Structures are given as C-alpha cells and as structure tokens.
1. So, in nm, how far is label A:Thr176 from label A:Met25 when the simple model puts each one 7 Å beyond its Cα toward the Cβ?
2. When the solvent-accessible surface of protein heavy atoms is calculated with a 1.4 angstrom probe, in what order do B:Glu306, B:Glu178, B:Glu53, B:Glu280 fall, highest first?
3. Expressed as a whole percentage, what fraction of the accessible surface of the protein assembly as shown belongs to carbon and sulfur atoms when a 1.4 Å probe is rolled over the protein heavy atoms?
4. Using alpha carbon coordinates only, what is the Rg to Rh ratio of segment A:6-150, with Rh defined as the Kirkwood radius?
5. Using Cα-Cα distances under 8 Å and only pairs 6 or more residues apart, what relative contact order does segment A:18-289 have, in percent?
6. To the nearest 20 debye, what charge dipole does segment A:133-274 have about its Cα centre, counting +1 at the Cβ of each Lys and Arg and -1 at the Cβ of each Asp and Glu?
7. For B:Asn122, what is the net charge nearby, where nearby means another residue's Cβ is under 11 Å from its Cβ and Lys, Arg count +1, Asp, Glu -1?
8. Please identify, among B:His261, B:His89, B:His192, the residue showing maximal mean-square fluctuation in a Gaussian network model of chain B using a 10 angstrom Cα cutoff.
Amino acid sequence: MATQHSRAAARLMISPAVVVLLLWMIVPLALTLYFSTLRYNLLMPGANPFVGLENYRYFFTDPAFTTALVNTLLLVGGVLVITVGGGIALALLLDQEMFGQGIVRLLVIAPFFVMPTVSALVWKNMFMDPVNGLFGYIARAFGAQPFEWLTAAPLFSIILIVSWQWLPFATLILLTAIQSLSSEQLEAAEMDGAGFGSKFLWIILPHLARAITVVILIQTIFLLSIFAEILVTTGGGPGVASTNLTYLVYIQSLLQFDVGLGSAGGVVAIVLANIVAIFLMRMIGKNLDA
Amino acid sequence: MGRIVLNGVRKAFGEVEVIPPLDLTIEDGEFVVFVGPSGCGKSTLLRLIAGLEDVTGGEISIDGRDATELPPAKRGLAMVFQSYALYPHMSVRKNIAFPMRMAGLPEGEQKRRIEAAAKALNLTDYLDRRPGQLSGGQRQRVAIGRAIVREPSAFLFDEPLSNLDAALRVGMRMEIGELHKSLATTMVYVTHDQVEAMTMADKIVVLRAGRIEQVGTPLELYRTPHNLFVAGFIGSPTMNLIGGAEAERHGARTIGVRPEHIASGSPDGAPWVGTVGLSEHLGSDTFLYVHGTGLAETVTVRADGEVPLRHGDRVGLTPNPDRIHRFDAEGSRL
Ligand SMILES: Nc1ncnc2c1ncn2[C@@H]1O[C@H](COP(=O)(O)OP(=O)(O)O)[C@@H](O)[C@H]1O
Ligand SMILES: [Mg+2]
C-alpha cells in the first residue's frame, strides 16, 4: 500500500543516496565540460582564458580524429561479432555432457581474470612477436614468412586480443541462458522434425536473444573505452592506425599536456558513447521488455 | 494406422532399471491410458515409444515397421507435453505451423490445416497471439493443435491436464475424448489420476515400478482387479481392504469390498457393526467413514445421498457377497 505519505517518506529516505550519486557523476562531468572550454596547456602556465568551442574545433579538425572514430567503431563491432559468435558456439559446446566438465568451464572463464595489460603483453610477446612468438614459430615451421601482426594488422591484432578477454564473459552469460531453455521445448521441436540447424535457428537463437542483447550492451560500454591493450601493444600506431578515441584523448591531453583539448575529446567520447547506446537500445532494446 | 507393439522393451538409467522387460500391444484407434503412482515409469515408457529415450533392450514396432532405431520425427507420432512446450517467441499460428514447416508442406496446405485445427479447438481468435498471452487451457489446445496438424498415426499425451485447475480439467478431458472419437487415431495417454484413466480409456495399463500390473478395459479393472495394487488403485473412494479373521472366513489372506458394495442399515443382525466417524454429504451420495468395526481402521461406505446417519451413530454394514474380492498372501486374486 503505497500511500501518498509513505511515498513521500520513501523519497526522503533515498534522497541522500541520490544526491551523492548525482554529485559523483555531475561534478566530474561539469569540470570536464568547463575545462573543455579553456585554453589550458600545462606546458604554458599562466592564465587559462575562456576560448569557447575552439578546443572542439581543434579536436574535430585533427586529421587523426576521423581515423580514431572509425577505429573505435571497428574495434567495438569486431570484438562484438567475435565474442557473440564465439560465445554462442562455446556455450553450445560447454552445454554438452562431457568428461571433466567442471575443469573445462573453469578454463574457459580464466581469461576474464587476467589483467588487460598482462594479457595484451602476453599476446604481444608470446604469440604475435614475429621473432619470439608462437605464431611466428608456427609460420616458420611451415616455411612461411612470419606475419608481423602488430605492424601489418595492428587494429585486427587488438581486436583479437580484446576478443580473447571478453569471450569468457559472453560465453558465461550465453551458457546460463542456454541452460535455462526447457528441454521439453527442444524435445517438442525434435518430434516436430527439426534437425540441429532448425532447432538452433528457431528455438535456441530466439531464446538467447535477450542474453545476446545484454552481452552486446554491457560489452559496448566497456569496449568504447579500450585503452590499456593499445598502450602496451601498438601505442596507437603505426601512425594512428590503431588509435581509438580514448587513446586519442590520451595523446592529446597527456602526451601534449593539453588539458583543454583532452577534455573536449572526453566530451566527444561521451557523446559518441551515448549515440551508440541510444542506437543499440532502439535496435535491440525491445528484446529486453516483454 | 497406429498399431504400436512393444516387445521385451527394457530401460535402465545407468545401473537403475526403471522399466524391466515389458510386452504391450496398442491396437489401432485405441485410447490407451498408462496409469500408476508418480515415479513408476509412465513418462519413461511414453518417451521410449516417442523415441526421446533409447531403449536398453527389446523392440518397438509401429504399424508393423521396426521403429526401435528410428529418430522421433520419423516415427509419425505426435506428443503433447505436460508443460505444453510451446515455442514462446512464436505466435500461435507459427507454433501450429512449425511441424508442417519442418516437413516442408506447401503453404496452402499449411494454411488449410491450421484453420481446420483452430476451428476444431476454438483457437481462431487467438492465432496471432503469443503463448504467453493465453490461459492454461488455451495453451493446452495450442499444443494439441500442433500435434493434430501433423496428422500422426498416434498421439502421445504426458499428463496433459495436470497443470489445469479442476473445472478446466473436466472440460479438457471431454474435449480430448471427443477429439479421439472424431479423429479415430490411436492415443496413448499418461496420467497418475485414476479418474482420468477410468473416464477416458478404452484400455488401461496399470503400472507399478515399471511393471505392468494389469491391462484391461476400465470395467474389467474395476470388476476383477488381478491384485491388491490394482484393487487399491482403481476406484474412488478406494476399496476397503480387510485382513485377519474376517478374510480367513472367506478363505483368503485379504478381502476387498468397494464402498458402493456395502449396504448400511440398522445394527441389529448386520454382519459388521460400527460407529460413523465422518459423513460426507455430496448430495447424490453420502460417504460414511465407519470406525470400530474390528475389521480395519476405517471402513468406507457409499450410501444414499439423503441417508439420515450422523457422526457417532451406530450403523450395521452388509457387504454384497458377490462383490467380495479375495486375495492370497502374495496379493494376487484368488
Ligand atoms: N533421465 C533420467 N535419468 C535417471 N533416472 C531417471 C531419468 N528419467 C527418469 N528417471 C527415473 O525413472 C523413474 C520413472 O520416472 P518417470 O517415468 O518420469 O515416472 P512417472 O512419469 O511415472 O512419474 C523415476 O524413478 C525417475 O527418477
Ligand atoms: Mg511423468
């Protein structure tokens, strides 16, 4: 019974939490917005005059900006495709009865516990390095020229590394979703004459739609701000071939000590993230209700 | 079309033998009910017939063809599950169309069959809804519709009514019965409810721990139960089972008398005398639970609806001598 009274009381009770939360988000955001309108370079101390949207103009006209924007979207999209596709396949496999099920599941989850910097370094030095790496070794074993992963296909290499990290997450969520599918539904489909392909397409995939949506939404939020993996592997290069927006902001603000320009980049990144989020919600969010 | 023969069919899950070797013939067009207590292997037996479980031994033939190794879809049987097992993201129309789409039937034929099924099952107004928007009874009908359109040689039902409330259950029972009359297709129906078994079946198969205790028409089981288990399981209220001196007087270890075969009257000169404990007045009948007869804890008697007996009244009971069932020490009928 939510009377007028109890509702007012409830609002009063949760208000401290709401206020703290608002401050927590609003203050940094407001400061970022404020800094983004100042000429504020740490190499040129002195007055920090208000310059309006000049920082934004700089950021947008930076030749690296378009590349970074495209790279960001490619990175997010590429990792999503690999992790969702691979996650479904792995979840289907792990759902089968097999020997050593517990151990196998633990192993599949393991990459999630490895720090991004560490896993990126492991990939860079132990797998992708043309001289010392495993891939180079395999290539040489077949008498082929080792592929220079991080210089020849820097963005793709990073997509691979990040996918490896996020595959366990997708697999885990999709596995629990598959396990929640009633076996009678699958049996009914089997009696109705559905083979594996039809069962997957018409029963399992629709059942997974909601879980896939969750995976995509959560991963997108994190993938838009990939940073450590780029820093320790390619450093955004060669040139800006593997620079995403987060990394561009880092180059601008920290490497060039330009707080104003960096803040402007941060704001652009926020706006982009929100556009992507709205777009995603529109496109697949309808899976979440009903 | 629709004769199913089980020959020495056996099923074990690991070490546990759930169905010992079992023979059974289901004639074409028959309505056969598997009945037995929970966990006795009814569902397992049905799933063996459906092909959802592999037999551990023995053969299953359908219409004279060996079907033991056939996959479920190739057996030409349709199954209605206890949970209905509808596809939640498809409309009712698509649910019903699914088996036909899998079989690659032409669109026109699909449409014709869907409409016929929807009409027969009163689903025409709900074809574009999702299963989540339907009541339990409607979902049940969709599940039946999905089975009908396949035009199977036999229908398999696994406790299809146990998720419905009592009133709806009676209604659906009649609908399924009428469906059987109009389609004249073999139906195999699993239930733990002996009332469903008695009212619907042409032939009842009573199961206990995977073993067939008796096969027969409802009246055969009612009149001549082969053993104590069947005697106690079939009939409502259950048969009075009496041991001791009274049974020995009839030359048996146990005797059984159904509540409706005991006459109640004045205590004077009656063979059994007791005190009425509880009396349930149903209008048409009264069930008397009589204590203190010295025969059993309680003797249940079905009396006239307006019998004037109350709690605490002394009552004389006279069993119909032609309707006393006698069982030996192993529980088999004498
Ligand atoms: N997949 C299975 N694995 C192991 N035991 C099972 C399996 N399915 C059923 N059983 C066992 O077989 C017995 C019969 O089960 P079931 O056929 O479902 O009974 P009913 O339908 O008569 O209630 C039960 O004791 C059950 O525990
Ligand atoms: Mg069952």
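1. 2.4
2. Working: B:Glu306 160, B:Glu178 120, B:Glu53 40, B:Glu280 65 Å².
Accessible-area ranking of B:Glu306, B:Glu178, B:Glu53, B:Glu280, largest first: B:Glu306, B:Glu178, B:Glu280, B:Glu53.
3. Numbers: 19210 of 31140 Å².
Roughly 62 percent, rounded to a whole number.
4. Details: Rg = 25.2 Å, Rh = 21.8 Å.
Ratio value, two decimals: 1.15.
5. Values: 317 pairs, mean separation 82.5, N = 272.
Relative contact order here is 30 percent.
6. Working: 3 positive and 7 negative charges, 55 e Å.
Its charge dipole is roughly 260 debye.
7. Once positives and negatives cancel, what remains is 0.
8. Largest GNM mean-square fluctuation: B:His89.
The values are calculated or read from the model by the stated rules, or taken from the named source; none is laboratory data. Only a predicted model underlies this, so the values are computations on that prediction, with no experimental measurement involved. Don't worry about glycine lacking a Cβ; one is built from the backbone with ideal geometry, like all the others, and counts go over all protein chains shown. Keep in mind that these areas ignore ligands, DNA and RNA; they rest on the heavy atoms of the full protein, side chains included. Shrake-Rupley method; radii C 1.70, N 1.55, O 1.52, S 1.80 Å.
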